[in-house]
Amino acid sequence: MQSLLGKMLRLDVRRLGSTPEIVALGLRNPWRYSFDRATGDLYIGDVGQNAVEEVDFTPRASKGLLNYGWDVYEGSSRFEDKAPGPGRLVFPVYEYGHDPGCTVIGGFVYRGAALPAERGRYVFGDYCSGQVWSFRVTGGKATALRTEPFRISSLSSFGEDAAGELYATSQDGGVVFRLS
């Protein structure tokens, strides 16, 4: 637990010489963190090992050390037969197997103006299938999961502009898409 490697850290960048504080552990390969600009809640797309891709959600008000479960759990399924490490165990709000994809690409909660029906939905996708999904978090659970009506080949990342509009990138030709 002394090593900072493989941990989520908090650092006060306003203080010269600030010491990093470990706030979470147990992520395997987080592929995009994002904070909801309206609530401060944290969303993480965490790439699985063999069978499960996951999206983790942590409300802004969470306190204490968090443990997202890896390598004892892959998603909410047992991966290794051992005790989880320290911290409060946090299970994903959404997970999927490798039938619809193979590598989760974490996204953002939409806060733009162009698509009013999307406001408050977390948008994310899968690298292999190019599928894009969205959901809302209600009571700490993913609700109203929706498969979006488009795919992005070799989806590699999402981004948002100052107005909260969403973009996606593809490794297939280096294209940037505006989601509208």
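The values are calculated or read from the model by the stated rules, or taken from the named source; none is laboratory data. Computed from a prediction, not measured in an experiment: that's the story for all the values here. FYI the Cβ positions are ideal-geometry reconstructions off the backbone, even for glycines, and counts take in every protein chain you see.
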Hits in region 12-46 - residues which are aliphatic (A, V, I, L, M) and either outside any loop (DSSP other than H, G, I, E, B) or crowded, with 19+ Cβ neighbours inside 10 Å (or both): Ile22, Val23, Ala24, Leu25, Leu27, Leu42, Ile44
Out of the residues in region 123-175 that are in contact with a Gly (Cβ under 8 Å, 6 or more places away or on another chain) and β-branched (Val, Ile, Thr), which is surrounded by the fewest Cβ atoms within 10 Å (Cβ to Cβ)? Thr169
Conditions (1) in a loop (DSSP other than H, G, I, E, B); (2) at negative phi; (3) modelled with pLDDT of 95 or more -> Gly120 fails only (2)
Evaluate region 96-112: report whether one residue or more is surrounded by fewer than 19 Cβ atoms within 10 Å (Cβ to Cβ), over 15 Å from the mean Cα position of the chain (by Cα), in a loop (DSSP other than H, G, I, E, B) and among the acidic types (Asp, Glu). yes
If Tyr127 meets every condition in (1) over 25 Å from Ser62 (Cβ atoms); (2) at pLDDT below 95; (3) touching a strand residue (DSSP E or B) at 6+ places or on another chain (Cβ under 7 Å); (4) not charged (D, E, K, R) apart from one, which number is that one? (2)
